[in-house]
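**Q** Following this message is one structure expressed as structure tokens.
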Amino acid sequence: MAHAQLSPSSATRWMSCPGSVALTKGMLDTSSKYADEGTDAHELAALCLETNTDAVAYLGRVLTEGHTVDDDMARHVQSYVHYVRDLAEGGALLVEQRLPIGNLTGEKDAHGTTDALITHPDELTVADLKYGMGEPVQADNNPQLQIYALAALRQYELAYDFKTVRMVIHQPRLGAVSEWVQTVEELEAFAVRVAEAAQYTEDPDAPLVPPTTGRRWC
């Protein structure tokens, strides 16, 4: 399955640096040991949430990318699992939901996958696990979470009448949690920015402007 060029995870880059999209077309989607470790941590977290089990139950298990669940991984992943379960109290929890984003970015058949979605009658929650040990990431005005939230709103708009959207980033290895709430109206205004930014990436003269955050990864 092809990876979306205008993916939510890279939205900070392509929304602020539209010229970068043309430069990355055709590049191999490579990984690293740190990314593989994060993939396995997400796998463990999803397994716990989907089966209502705790991470300690999987000690010694070898995950898809080759990492073995040890005490350290179990402890950190369990911290995220507990947090999500608390958020989901009284609501419905959806894990690893694949959502269409092409209606936001204009990229045909593009999808993004959320770590956890929680629905309450008036509020939608999007929770994201970041397993790395780099810098704390804030939920405030975070394009990745906002795009996930918009995609979820489109997906579930007939079943719910959400008034607000809560966005959560949990970084257990840093002991950091960031939460931010927007009204649906505020989030819909952001959708206009997403569409405009996505269209700008197609301009042959789109500029290269490294983002203020994550500059060293550009």
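**Q** Checking ASP140 against (1) in contact with a strand residue (DSSP E or B) (Cβ under 8 Å, 6 or more places away or on another chain); (2) outside any loop (DSSP other than H, G, I, E, B): exactly one of these is not met. Which one?
**A** Failing condition for ASP140: (2).
**Q** Sort through TYR160, TYR148, TYR200 and tell me the only one that's more than 21 Å from LEU99 (Cα to Cα) and surrounded by 15 or more Cβ atoms within 10 Å (Cβ to Cβ).
**A** Testing whether each residue is more than 21 Å from LEU99 (Cα to Cα) and surrounded by 15 or more Cβ atoms within 10 Å (Cβ to Cβ) leaves just TYR200.
**Q** Here's a follow-up. Mind counting the residues in segment 59-112 that are at pLDDT below 95 and acidic (Asp, Glu)?
**A** Looking only at that region, the number is 2.
**Q** Read through the list (1) out of contact with any Ser or Thr (no Cβ under 6 Å at 6 or more places or on another chain); (2) modelled with pLDDT of 95 or more, then give the number of the only condition that TYR156 fails.
**A** Result: TYR156 fails condition (2) only.
**Q** Only one residue in VAL137, VAL184, VAL168 is open to solvent by less than 20 Å² (accessible area, probe 1.4 Å) and either touching a Phe, Trp or Tyr at 6+ places or on another chain (Cβ under 6 Å) or under 18 Å from ALA116 (Cα atoms) (or both), so which one is that?
**A** VAL168
The values are calculated or read from the model by the stated rules, or taken from the named source; none is laboratory data. Model, not experiment: these values are computed from the prediction. Cβ atoms come from the backbone with ideal geometry, glycine included; neighbour counts cover every protein chain shown. To get the accessible areas, we keep the full protein, side chains included, count just its heavy atoms, and leave off ligands, DNA and RNA. Shrake-Rupley method; radii C 1.70, N 1.55, O 1.52, S 1.80 Å.
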